[in-house]
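Trainee: Dropping the structure in here first, questions after.
No lab work stands behind these numbers, since they all come straight from the coordinates. Everything quoted here is computed from the prediction, not taken from an experiment. So basically every Cβ, Gly included, is an ideal-geometry build from the backbone, and we count neighbours across all protein chains shown.
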Amino acid sequence: MKVMVKMKVKLVAYIPNPELVCAAAAQTSVKEESLEKIFAEMTDEKARKLIRNVVSRGHVSIVEHASFTFAVEDVSRSLTHQLVRHRIASYTQQSQRYVKLKADSDWFVIPHTFKTAEQQEKFKQRMAEIAKWYEEAVADGIPAEDARFYLPNAAKTAITVTMNARELLHFFGLRCCARAQWEIRELADAMLKEAKKVAPVIFENAGPNCVQLGYCPEGKMKPAECDVATIRRAYKGE
């Protein structure tokens, strides 16, 4: 049985010219000119300077005007249970009521911590047994929406996620952190990589909180292996 090992994350939609929009929005609070004129006269260079200046002073509400939609596939329901805790966002997830499990496919995620061949094989065998229970229930006339009660958190799913840039910065701060669970950390890193392609200035200081704040706020909970300087260099490309 094949087991998928790589999630798919793609930025499928975002507002046009996100940094120009956020910078123009920032000027609406201090300019007498019409909004139409402010937007028309905004340039890329001016937008970069404005965003850096305003955000550096803590006025991050301006980046709420930029929204980003991601298509996420081949992740576990364990991940999506964590993801939807970020409530300033919109989610649409693949339904286990309407989309039936295909037992002969790579329908589950094996955690990275199952490292040995023996551990992985045992995991696969147990998933195969669960799939058998599910299929037997469906064959016996149990609705898929009830047969799914057999299915584990490891079950693969797909989800569409929309967040504004401010919430993304908050999400990255928590979920790119070494303390985050490995799968959602991989998702956060992949989403950040995608977002930087279209809004490099908004997300130039994005990453775990130690990158955004300049220090680790985790206190005694900080992982022993964490080196803030190394992490900052990795995320900021220094």
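Trainee: What is the extension gain from ALA117 to GLU225, computed as 0.36 nm multiplied by their sequence separation minus the C-alpha to C-alpha distance, in nm to one decimal? Could the numbers behind the result be given before it?
Mentor: Details: separation 108, 0.36 × 108 = 38.88 nm, distance 2.62 nm.
Taking ALA117 through GLU225 to full extension adds about 36.3 nm, to one decimal.
Trainee: Something else now. To test your reading of the geometry: what angle, between 0 and 90 degrees and rounded to tens, separates the Cα axis of helix 18-27 from the longest principal axis of the chain?
Mentor: Result, in degrees: 40.
Trainee: A further question follows. Distance check, please: which entries in LYS6/LYS46; LYS132/LYS222; LYS156/LYS220; LYS124/LYS196; LYS10/LYS236 exceed 31 angstrom between their Cα atoms? Write down the numbers at each step before the final one.
Mentor: Working: LYS6/LYS46 39 Å; LYS132/LYS222 42 Å; LYS156/LYS220 34 Å; LYS124/LYS196 37 Å; LYS10/LYS236 21 Å.
As for pairs spanning more than 31 Å Cα to Cα, those are LYS6/LYS46; LYS132/LYS222; LYS156/LYS220; LYS124/LYS196.
Trainee: Moving to a separate point now. For the stretch 33-49, what does the Karplus curve 6.51 cos²θ - 1.76 cosθ + 1.60, with θ = phi - 60°, yield as ³J(HN,Hα) per residue in whole Hz, taken in order and with x for Gly and Pro?
Mentor: 4, 5, 4, 4, 5, 4, 5, 5, 8, 6, 10, 4, 5, 5, 5, 4, 5
Trainee: With +1 on each Lys and Arg Cβ and -1 on each Asp and Glu Cβ, how big is the dipole of the chain about its Cα centre, in debye rounded to the nearest 20? Spell out each step's value before the answer.
Mentor: Values: 36 positive and 30 negative charges, 101 e Å.
Here the size comes out at about 480 debye.
Trainee: Let me ask another. Mind giving me the nanometre distance, one decimal, between the label points for ARG85 and PHE149, set 7 Å out from Cα along Cα→Cβ?
Mentor: 2.7 nm
Trainee: If you don't mind, another one. Counting other beta carbons within 10 Å of each residue's own, what order do TYR98, TYR134, TYR91 fall into, fewest first?
Mentor: Placing the least packed residue first, the sequence is TYR98, TYR91, TYR134.
Trainee: With Kirkwood radius over Cα pairs in Å in mind, check (i) 19.0; (ii) 20.2; (iii) 17.6 and report the label derived from this structure.
Mentor: (ii)
Trainee: Under the definition of Cα pairs under 8 Å and six or more residues apart, what whole-number percent is the relative contact order of the stretch 97-154?
Mentor: On the way: 31 pairs, mean separation 26.7, N = 58.
The value is 46 percent.
Trainee: Still on this structure, please answer the following. Of CYS216, GLN125, VAL30, whose Cα points farthest to the positive end of the dipole of the chain (charges on the beta-carbon: +1 Lys, Arg; -1 Asp, Glu; origin at the Cα centre)?
Mentor: Looking along the dipole axis, the top candidate is CYS216.
Trainee: Mind listing the long-range amide H neighbours of GLY207? Cut-off is under 5 Å, sequence gap 5 or more, other chains count too, H placed in the peptide plane at 1.01 Å from N.
Mentor: Sorted by chain and number, the residues that satisfy this are GLY173.
Trainee: Sum -39500 (n - 2.57) across every DSSP H segment of at least 4 residues in the chain, then divide by the residue count to get the 222 nm mean residue ellipticity, nearest 500.
Mentor: Working: 10 runs with 106 residues, N = 238.
It comes out at -13500 deg cm²/dmol, rounded to the nearest 500.
Trainee: Taking the Cα-to-Cβ direction at THR28 and at ASP104 and moving 7 Å from each Cα, how far apart do the two end points lie in nm?
Mentor: In this crude spin-label approximation the distance works out to 5.6 nm.
Trainee: Taking the Cα centre as origin and putting +1 on Lys and Arg beta-carbons and -1 on Asp and Glu beta-carbons, what dipole magnitude results for the stretch 153-221, to the nearest 20 debye? Before the final figure, lay out the partial values.
Mentor: Numbers: 9 positive and 7 negative charges, 10 e Å.
Result for the stretch 153-221 is approximately 40 debye, rounded to the nearest 20.
Trainee: Another question, if that's okay. Of PHE68, PHE123, PHE171, which is the most mobile in a GNM of the chain whose springs link Cα atoms less than 10 angstrom apart?
Mentor: Comparing PHE68, PHE123, PHE171 in the GNM, the peak value goes to PHE123.
Trainee: What is the calculated FRET efficiency for LYS49 to LEU213, with r their C-beta to C-beta distance and R₀ = 30 Å, to the nearest 0.05? Walk me through the intermediate numbers first.
Mentor: Values: r = 23 Å, r/R0 = 0.75.
Taking R0 as 30 Å, the efficiency between LYS49 and LEU213 is 0.85.
Trainee: Rounded if a/c is under 1.5, else prolate if a/b is larger than b/c, else oblate: which is the stretch 62-152, with a ≥ b ≥ c the root eigenvalues of its Cα gyration tensor? Walk me through the numbers on the way to the answer.
Mentor: On the way: a/c = 3.11, a/b = 1.50, b/c = 2.08.
In terms of gyration-tensor shape, oblate.
Trainee: Return one number: the angle in degrees, 0 to 90 and rounded to the nearest 10, between the long axis of the Cα atoms of helix 165-175 and the longest principal axis of the Cα atoms of the chain.
Mentor: 50 degrees
Trainee: Can you give the angle from 0 to 90° between the axis of helix 182-198 and the longest principal axis of the chain, with both taken from C-alpha atoms, to the nearest 10?
Mentor: Once rounded, one gets 40 degrees.
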